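What follows is a single structure, written as structure tokens, with notes after it.
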Ligand SMILES: *Cc1c(COP(=O)(O)O)cnc(C)c1O
């Protein structure tokens with residue numbers, strides 16, 4: 001049965017990428033060896049790493065002076081690597097609190113220094129992005145989360161930060177155009193728009209490093225990985241390879257401009273139905289709605305069972321909201337075709353027409 005995968009992460013990847021990836025596991029480059037059994041220092045894999053990096057640079061128009069890294073430990077390890085590498089001894093950082101992931105990042109930073117928190121939308125289940133805030137000048141950096149995967153909110157504009165600007169872009173990187181030059185450090189776990197779980201993309205401005213005065217453990221020091229071109233230790237070869245294939249797929253499709261437009265069309269289609277149909281209700285403020293994770297509730301709980309059954313029978317997978325918020329969450333990442341969104345919308349219409 002054809003499935004429509006609305007999972008929030010790990011999530012949908014393009015079918016042709018999965019086909020190519022499975023082929024490479026058995027026979028990479030027609031060399032009768034598997035991608036995952038050759039040396040990461042062999043030329044075929046060094047080429048993969050180089051290609052992956054250059055695709056990131058090309059697709060996001062990364063300016064000179066930035067390094068592109070493929071690390072491990074997920075976005076979650078970045079929560080501590082960022083303060084370790086950017087917060088001065090007895091320093092101070094500013095964090096925007098937009099929900100679960102931001103809170104986890106805040107907890108890690110607090111273990112190293114003072115954290116000033118901007119915004120507290122917790123009373124309204126994090127259904128909006130704080131606005132009109134001032135970032136103190138005397139802080140080491142400002143950290144924000146571009147897309148809140150769990151609550152379905154997304155930053156539409158980024159502040160002109162008087163201090164270093166750091167962003168967790170795990171769930172919307174490569175989904176829309178961003179001006180990388182505005183940011184000093186961007187990180188993203190691969191498994192939401194780039195590839196399988198197991199690697200984390202980091203884009204860091206070289207000149208901001210080495211200024212904290214603290215002793216940073218080798219593996220947690222960005223400079224280690226810059227110096228060794230993400231090969232200080234064995235890199236996660238398979239996730240990096242699949243990420244490379246996905247980025248190549250994106251390039252062939254027409255790049256970020258094209259995918260941004262497609263993502264907008266998918267989001268518009270789904271939000272329009274949520275707003276039209278009185279049996280459903282969007283949870284995020286309209287101005288802050290995510291184009292990646294569409295969170296909604298069913299207004300009459302007696303219809304829940306029927307809606308769930310219709311979805312299941314149509315092959316819809318992964319629509320359940322995060323366990324901390326309930327309701328529904330349709331994750332419509334880059335690889336999700338609009339046809340799958342239409343199938344979900346048709347089911348919502350069916351509920352309405354009964
Ligand atoms: C999923 C997610 C994370 C956690 O990523 P891991 O790679 O599992 O550590 C962090 N931030 C955001 C915004 C996410 O969506």
Looking across region 163-202 at residues that are more than 13 Å from the chain's Cα centre (by Cα) and surrounded by 24 or more Cβ atoms within 10 Å (Cβ to Cβ), the single one that is nearest to the ligand (Cβ to nearest atom) is 166
Tell me yes or no: at least one residue of region 27-45 is within 20 Å of the chain's Cα centre (by Cα) and part of a helix (DSSP H, G or I).
no
When region 180-223 is checked residue by residue, the ones that are more than 24 Å from residue 148 (Cβ to Cβ) and touching a strand residue (DSSP E or B) at 6+ places or on another chain (Cβ under 7 Å) are 205, 206, 208, 222
If we keep only residues of region 236-275 that are touching a residue at least 60 places away in the same chain (Cβ under 8 Å) and within 22 Å of residue 352 (Cβ to Cβ), then the residue surrounded by the fewest Cβ atoms within 10 Å (Cβ to Cβ) is 265
- Task: Answer with yes or no whether residue 220 is within 16 Å of the ligand (Cβ to nearest atom), over 30 Å from residue 5 (Cβ atoms) and more than 18 Å from the chain's Cα centre (by Cα).
- Result: yes
Being more than 18 Å from the chain's Cα centre (by Cα), more than 16 Å from the ligand (Cβ to nearest atom) and crowded, with 21+ Cβ neighbours inside 10 Å narrows 112, 86 down to just 86
The correct count of residues that are within 16 Å of the ligand (Cβ to nearest atom), assigned to a strand (DSSP E or B) and touching a strand residue (DSSP E or B) at 6+ places or on another chain (Cβ under 6 Å) in region 57-80 is 2
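Please verify whether residue 237 is within 19 Å of residue 72 (Cα to Cα) and either within 15 Å of the ligand (Cβ to nearest atom) or within 18 Å of the chain's Cα centre (by Cα) (or both), treating the condition exactly as stated. Don't jump to the end; show me each part of the working.
On the way: within 19 Å of residue 72 (Cα to Cα): yes; either within 15 Å of the ligand (Cβ to nearest atom) or within 18 Å of the chain's Cα centre (by Cα) (or both): no.
Here the answer is no, as residue 237 does not meet what is asked.
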Item to complete: Take residue 120 and decide whether it is more than 16 Å from the ligand (Cβ to nearest atom) and closer than 20 Å to residue 182 by Cα.
Response: no
Note: among 339, 353, 304, just one is under 26 Å from residue 17 (Cα atoms) and without any contact (Cβ under 8 Å) to a residue 24 or more places away in the chain, namely 339
Per the filter on region 129-143, residues over 12 Å from residue 184 (Cβ atoms) and either within 16 Å of the ligand (Cβ to nearest atom) or free of Cβ contacts under 8 Å to residues at least 40 places away in the same chain (or both) are 129, 130, 131, 132, 133, 134, 137
Flagged in region 277-301 as without any contact (Cβ under 8 Å) to a residue 24 or more places away in the chain, assigned to a helix (DSSP H, G or I) and under 27 Å from residue 262 (Cβ atoms), in numbering order, are 286
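Listed here are the residues, each with its yes/no results for (1) without any contact (Cβ under 8 Å) to a residue 24 or more places away in the chain; (2) within 16 Å of the ligand (Cβ to nearest atom); (3) within 22 Å of residue 51 (Cβ to Cβ); (4) in contact with a helix residue (DSSP H, G or I) (Cβ under 6 Å, 6 or more places away or on another chain).
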{"residue": "3", "(1), (2), (3), (4)": "no, no, no, no"}
{"residue": "9", "(1), (2), (3), (4)": "no, yes, no, yes"}
{"residue": "21", "(1), (2), (3), (4)": "no, no, yes, yes"}
{"residue": "37", "(1), (2), (3), (4)": "yes, no, yes, no"}
{"residue": "41", "(1), (2), (3), (4)": "no, no, yes, no"}
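Only the coordinates and a few stated rules stand behind these numbers; no lab work does. Keep in mind the model is a prediction, meaning the values are calculated, not measured. Every residue, glycine among them, receives a Cβ derived from its backbone with ideal geometry; neighbour counts consider all protein chains shown.
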